[in-house]
Amino acid sequence: MRVVTSADMREVEAEAIESLGVPAIVLMENAARATADAIVECYPRARRIAIACGRGNNGGDGLALLRDLTTRGYEATAFVAGPIDRLSVDATRQFVSCEQLGLSPRSVPEPAVDDEVNEDYDVWVDALLGTGLNRPVEGPVANWVDWLGERRDDAPLVSVDVPTGLDASTATPPGPHVAANLTVALGFPKVANVLAPAADAGGRLWIGDLGVPLPEPPPGPDALYQSRREDLVGSVRTRQRDAHKGTFGHVVVAGGSTGYSGAVVLAARAAVRGGAGLVTAAVPEHLVQVVDAGSIESMTLGLPTQGKGFSRDAVEPLLQTIVERAPRGALALGPGLGLSEDARVLARQVVARSAAPVVLDADGISAFAGDAKALLARDSDLVITPHPGELGRLLGVSASAVVEGRWEHARQAARETGAVVVLKGRQTLISDPALGTWVNPTGNPGMASGGSGDVLTGLIAALLAQGFDPPAAARLGVYAHGLSGDLAAERWGEISMAACDLVDELGAAFQSLEE
């Protein structure tokens, strides 16, 4: 599902108006109808509805909604935040139409002292400001934002398009804003409807149909999408009856150091559950027995050791292993690898020369700290799966800066590395340097425990080994990984979940995505 900025939406509406000959006032009427439909569906017992309207076209939507709800038999009332004589052209038309029906919206700049505003209503509608805001609210609208915030517990609040006070094009609220129970996004969801923390103010998201075929903005590096289950159903491929283990690719998981062998075990087990036909765990020689016992479905290969982890002498044998075992498979590199100089050398050389596509995680990403563009020099496709701290080190910025601008930094990393970037965390982002960025909706806080990222690494590698291209493998892998976390939370609760539970639930997650 495409997610748009304010500028995108203006272009979409302008094209619809020009190419289809649909007047803007008709789109306003359709917006009101879509909002009314959402209220009817979500609040079937509501009868008394109040609408707070701004002076622009969002307010015009609210005035059109007043007429729509009245004709449906609701006791509806509208209040305008500011002078009536300063309404926009289309909002003025809606106001006149309301008056002709005997409805008289009136100006209320100070809601706290107005008796009618402070009556009991079943639902409040926020139609104060729409997608044009890019600064903190002020004047009468600010008074309404404060008042609605104080009354939020008295009645549900429905916002039209975006909650007032949010900049529709960003994830960061510019200042005070309303917190809605339901937001009816018109035509397409906006960035603020989808990306947290702004999206937290929207409550449930409802996509309102504007009644005309809207042209979708073209794809590109700056495009934003939300992954949906319906888009991924059927991507899990039915296996042919004559298939064998070689059909589904060979994943090599390379990593591990003293104290971190579990990371390799989890990645290897996830690669098996993710459908890879064969899995080899390539680890420092002294960890072979431990990893062998932890992942009985995979093979284990010991490579030269230096101290607690790999020696740089492991580079050539690892590259040869990839050629021999996974020429059409994938390499998962980094889980538990360690931060020694030898580990750093190994990661940089193997990424540059691997004959198979690579999923680079954890310490493997840290080997490129401050040198993101070095990842451009490679022979194969690359997916990197950083958390904010790892991405910050890669780009030379703080983890807090990444958290505050997740979408911007994911796009930057994709652009500088030429790789598919999976920025982990709440609303994991999958950013492709050419196609754009996807927001993942699955997952929960119970997954914030050691080993969850290793499971994701092995899973994406398994999908690459089965022939998925990097963006498709990342999107499906992240969605299934989060879904397995949601299933595990249903079984164990978020507090008691462990990474191994994600591995155990992958089968059910994939089953739910089969046609």
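Carbon and sulfur together cover what percent of the accessible area of segment 467-514 at a 1.4 Å probe radius? The partial results should precede the final answer.
Working: 920 of 1880 Å².
Result for segment 467-514: 49 percent of the exposed heavy-atom area is carbon or sulfur.
Of ARG106, ARG312, ARG415, which has the most accessible area with a 1.4 Å probe, and how do the rest follow in descending order? Each step should come with its number before you reach the end.
Numbers: ARG106 85, ARG312 105, ARG415 160 Å².
Final ranking, largest accessible area leading: ARG415, ARG312, ARG106.
Using alpha carbons only, how many angstrom separate the centre of segment 45-100 from the centre of segment 251-277?
59
Distance from a point 7 Å along Cα→Cβ of ASP313 to each backbone N in segment 260-287: keep the residues under 15 Å and list them by number.
284-286
Give me the accessible area per residue for segment 366-515, probe 1.4 Å, as a whole number in Å².
Numbers: 5440 Å² over 150 residues.
With the other protein chains kept in place, segment 366-515 gives 36 Å² per residue.
By how many degrees, between 0 and 90 and to the nearest 10, does the Cα long axis of helix 89-100 differ from the longest principal axis of the chain?
Its long axis makes an angle of about 50 degrees.
Calculate the spin-label point distance for SER496 paired with THR238, positioning each point 7 Å from the Cα along the beta-carbon direction, and give it in nanometres.
Roughly 3.9 nm, to one decimal.
Amide H of THR280: which non-local residues (sequence gap of 5 or more, or other chain) have their own amide H closer than 5 Å, using H built in the peptide plane?
Long-range HN contacts for THR280: VAL251, VAL252, VAL253, MET299.
Only bridges whose two residues both fall in the chain count here: according to DSSP, what percent of them are antiparallel, nearest 5? Could you put the intermediate results ahead of the total?
Details: 11 of 61 bridges.
Given both bridge residues lie in the chain, the antiparallel proportion sits at roughly 20 percent.
Would you kindly find the accessible area of HIS286, with a 1.4 Å probe and non-protein molecules such as ligands, DNA and RNA excluded, rounding to the nearest 10 Å²?
90
Quick check for me: using +1 on Lys/Arg Cβ and -1 on Asp/Glu Cβ, what's the dipole size of segment 438-515 about its Cα centre, in debye to the nearest 20?
Magnitude of the dipole: close to 180 debye.
Give me the net charge of PRO173's neighbourhood, meaning all other residues with Cβ under 10 Å from the Cβ of PRO173; Lys, Arg count +1, Asp, Glu -1.
-2
How large is the dipole of the chain about the Cα centre if only Lys and Arg carry +1 and Asp and Glu carry -1, each at its Cβ, rounded to the nearest 20 debye?
Values: 42 positive and 64 negative charges, 278 e Å.
Rounded to the nearest 20 debye, it is 1340 debye.
Between helix 6-20 and the chain, what is the angle of the helix's C-alpha long axis to the longest principal axis, kept within 0 to 90° and rounded to the nearest 10?
70
At a 1.4 Å probe radius, which order do ASP114, ASP126 fall into by accessible area, largest first?
Values: ASP114 25, ASP126 0 Å².
Ranking ASP114, ASP126 by accessible area, largest first, yields ASP114, ASP126.
Towards the positive end of the charge dipole of segment 378-515, with charges on Cβ (+1 Lys, Arg; -1 Asp, Glu), say which of ALA419, LEU513, GLY405 has the farthest Cα.
GLY405
In whole angstrom, how far apart do the alpha carbon centroids of segment 108-154 and segment 442-478 sit?
43
Using a 1.4 Å probe and ignoring any ligands, DNA or RNA, find the accessible area of VAL26 and quote it in Å² to the nearest 10.
That residue has around 50 Å² of solvent-accessible surface.
Of all DSSP beta bridges located in segment 315-434, what percent are antiparallel, nearest 5? Intermediate values should be presented prior to the final figure.
On the way: 3 of 11 bridges.
So the antiparallel bridges in segment 315-434 amount to around 25 percent.
Could you work out how far apart the two model spin labels at LYS245 and ASP120 are, taking each label as a point 7 Å from the Cα in the direction of the beta carbon, and quote it in nm?
Label-label distance for LYS245 and ASP120, simple model: 7.0 nm.
Just to confirm a number: summing +1 for Lys and Arg and -1 for Asp and Glu over residues other than GLU99 whose beta-carbon lies under 12 angstrom from that of GLU99, what do you get? Working shown, then result.
On the way: positive: ARG67, ARG93, ARG106; negative: none.
Taking every Cβ under 12 Å from that of GLU99, the sum is +3.
Nearest 10 degrees is fine. How inclined is helix 139-150 to the longest principal axis of the chain, computing both from alpha carbons?
70
How many percent of Cα pairs in segment 93-133 exceed 12 Å?
Values: 600 of 820 pairs.
Of all Cα-Cα distances in segment 93-133, 73 percent exceed 12 Å.
Could you compute how much accessible surface LEU278 exposes when probed at 1.4 Å, giving the result in Å² to the nearest 10?
LEU278 has an accessible surface of roughly 50 Å² with all protein chains in place.
Choose one of ALA271, SER227, GLN240: the residue whose Cα lies farthest towards the positive end of the charge dipole of segment 217-280 (beta-carbon charges +1 Lys, Arg; -1 Asp, Glu; about the Cα centre).
Sorting the options by dipole projection puts first GLN240.
Taking the alpha-carbon distance from LYS424 and a cut-off under 27 Å, which lysines remain once sequence neighbours fewer than 8 residues away in the same chain are dropped?
Within reach: LYS190, LYS373.
Heavy atoms only, probe 1.4 Å: what % of the accessible area of segment 66-117 goes to carbon and sulfur, would you let me know? Don't skip to the end; give the middle numbers.
Values: 1310 of 2690 Å².
Carbon and sulfur: 49 percent of the exposed surface of segment 66-117.
Measuring with a 1.4 Å probe in the full set of protein chains, what accessible area per residue, in whole Å², belongs to segment 227-342? Mind showing how you got there, number by number?
Values: 5550 Å² over 116 residues.
It amounts to 48 Å² per residue over segment 227-342.
Add +1 for every Lys or Arg and -1 for every Asp or Glu among the other residues with Cβ under 13 Å from the Cβ of SER295, and state the total. Please report the intermediate quantities before stating the final value.
Numbers: positive: ARG269, ARG273; negative: ASP292, GLU297, ASP454.
Net charge in that neighbourhood comes out at -1.
The values are calculated or read from the model by the stated rules, or taken from the named source; none is laboratory data. Computed from a predicted model, the values in this text were never measured in an experiment. Counting neighbours? That spans all protein chains shown, and the Cβs are built from the backbone with ideal geometry, glycine included. For accessibility, only protein heavy atoms count, side chains too; no ligands or nucleic acids. Shrake-Rupley method; radii C 1.70, N 1.55, O 1.52, S 1.80 Å.
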